[in-house]
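Remarks on the structure that follows.
Derivation of every value follows stated rules applied to the coordinates shown; laboratory data play no part. These numbers come from a predicted model, not from an experiment.
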Amino acid sequence: MKKRLLHRLLSVCNSPFLYFSSLSSSSYTSLDLFVEIAVHFDVTLDYLILGKVETKKELELSKKIHDQKQIIESFGKQLLAFAAMEIEAESA
């Protein structure tokens, strides 16, 4: 089961079979493989290798970034609506 899962994972990441054999024999694995897997699953290397989740501070900062993105998106929509009203007023 484990080997089948690893083989499927490597095929999804387009990694050669050599990586698969090194993983299944628990020998040295290239960092490139971990990077490919992390990118494919959109996770950090810390999470992939250590199972580490974000710290409380990282979660707070992520929330602040998300909130700021929402504000910027809302402002962008308002700006586009205002521009559309201006163009409509000029053509009238």
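Tell me whether segment 25-92 comes out rounded, prolate or oblate; compute the Cα gyration tensor, take square roots of the eigenvalues as a ≥ b ≥ c, and use a/c under 1.5 as the rounded threshold. Before the final figure, lay out each step's value.
Numbers: a/c = 8.68, a/b = 2.73, b/c = 3.18.
Since a/c reaches 1.5 but b/c is at least a/b, the shape of segment 25-92 is classed as oblate.
Cross-link partners of K57 among aspartates and glutamates, defined as those whose alpha carbon lies under 18 angstrom from its own and excluding same-chain residues fewer than eight positions apart: D46, D67.
Using the Karplus relation 6.51 cos²θ - 1.76 cosθ + 1.60 with θ = phi - 60°, the per-residue 3J(HN,Hα) values for segment 76-92 come to x, 5, 5, 5, 5, 5, 5, 5, 5, 5, 5, 5, 5, 5, 5, 7, 7 Hz, with x marking Gly and Pro.
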